[in-house]
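The values are calculated or read from the model by the stated rules, or taken from the named source; none is laboratory data. Treat the numbers as computed from the prediction; the structure is a model and nothing was measured. Positions of Cβ are generated from backbone atoms using ideal geometry, with glycine treated the same way; all protein chains shown enter the neighbour counts.
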Amino acid sequence: MYIRLIRNKPQGNAITGRLVINGRFFCNTMERVGYQIPAICYPIRVTQSPKFKRLLPIVQNVPQRSGIRIHRGTKPEHSSGCVLVPDRVTEDKLTQIILKAQQSHEEIILEVTDFRPGTEYGYNTPCPSELQKP
C-alpha cells in the first residue's frame with residue numbers, strides 16, 4: 001500500500017494537505033508548522049496508542065522522533081508532530097484500511113511531500129522505486 005501526504009504551502013501555524021492512498025484521494029490533513037516530520041518515506045502500521053487508548057496508524061523511523069501518529073484533530077495545536085485528519089470517522093476508516101493491509105502482510109509506505117511552488121505534487125526526496133506502488 002502506498003500512501004502519499006501532499007502538503008500545501010504553510011498558512012499561519014498550519015500546514016494543510018491531502019492524503020492519497022494508492023493514487024486516490026482519501027482525506028484532507030493538517031499539521032503544525034515547526035513540528036511537521038521531514039518529507040521522506042516512512043513505513044507505517046497500526047498499533048495500540050498508549051496516549052489515545054485505541055488502535056491508530058503510527059509513522060515509523062521518523063528521525064529523532066517517536067510516537068508520531070495519524071489521528072483526528074481540528075486545530076494545529078492538536079499536533080506535536082502527528083498528522084491530523086478531520087474527524088473520528090475518517091480516522092477509523094484509515095485505521096481499518098491500514099490494518100487490513102497489515103494483516104495481509106502488505107508493505108505500507110507513507111511518502112510525505114513538501115509544497116514547492118509551480119508543482120502539482122510538491123517536492124521531496126523520492127521514495128525508492130521499489131516502494132512506489134500504484
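Select from the range 55-77 the residues that are of a type outside the set (A, V, I, L, M) and closer than 21 Å to I21 by Cβ and write down the one among them that is surrounded by the most Cβ atoms within 10 Å (Cβ to Cβ). Give the derivation first.
Initially, the range 55-77 is screened for residues of a type outside the set (A, V, I, L, M), giving 57, 60-61, 63-67, 69, 71-77.
Imposing the further condition that a residue be closer than 21 Å to I21 by Cβ reduces the set to 57, 60-61, 69, 71-73.
Working: P57: 27, Q60: 14, N61: 12, R69: 20, H71: 21, R72: 18, G73: 20.
Result: P57.
Do we find that I97 is outside any strand (DSSP E or B) and under 20 Å from I6 (Cβ atoms) in this structure? Working first, answer last.
Details: outside any strand (DSSP E or B): yes; under 20 Å from I6 (Cβ atoms): yes.
For I97, the condition - outside any strand (DSSP E or B) and under 20 Å from I6 (Cβ atoms) - is met.
Here is a list of conditions, (1) surrounded by fewer than 16 Cβ atoms within 10 Å (Cβ to Cβ); (2) under 13 Å from the mean Cα position of the chain (by Cα), and S80 meets all of them except one; can you say which number that is?
(2)
For the range 38-61, enumerate the residues that are of a type in the set (V, I, T) and at pLDDT below 95. Steps first, answer last, please.
Within the range 38-61, the subset of a type in the set (V, I, T) is 40, 44, 46-47, 58-59.
Passing the criteria: only I40.
Test L110 against the stated conditions and say whether it is within 20 Å of A14 (Cβ to Cβ), at pLDDT 95 or above, in a strand (DSSP E or B) and in contact with a helix residue (DSSP H, G or I) (Cβ under 9 Å, 6 or more places away or on another chain). Reasoning before the result, please.
On the way: within 20 Å of A14 (Cβ to Cβ): yes; at pLDDT 95 or above: yes; in a strand (DSSP E or B): yes; in contact with a helix residue (DSSP H, G or I) (Cβ under 9 Å, 6 or more places away or on another chain): no.
The answer is no for L110.
Any residue in the range 43-60 that is over 12 Å from L99 (Cβ atoms) sitting within a Cβ distance under 6 Å of a residue that is of a type outside the set (S, T, Y) and not in a strand (DSSP E or B)? List the pairs, counting only those 6 or more apart or interchain.
So the pair list comes out as P43/Q60.
Looking only at the range 20-54, filter to residues that are aliphatic (A, V, I, L, M) and within 16 Å of I68 (Cα to Cα); which one of those is surrounded by the fewest Cβ atoms within 10 Å (Cβ to Cβ)?
In the first step, residues of the range 20-54 are kept if they are aliphatic (A, V, I, L, M); the result is 20-21, 30, 33, 37, 39-40, 44, 46.
Filter again for within 16 Å of I68 (Cα to Cα), leaving 30, 33, 37, 39-40, 44, 46.
On the way: M30: 20, V33: 12, I37: 18, A39: 17, I40: 17, I44: 22, V46: 22.
Of everything passing the filter in the range 20-54, V33 is surrounded by the fewest Cβ atoms within 10 Å (Cβ to Cβ).
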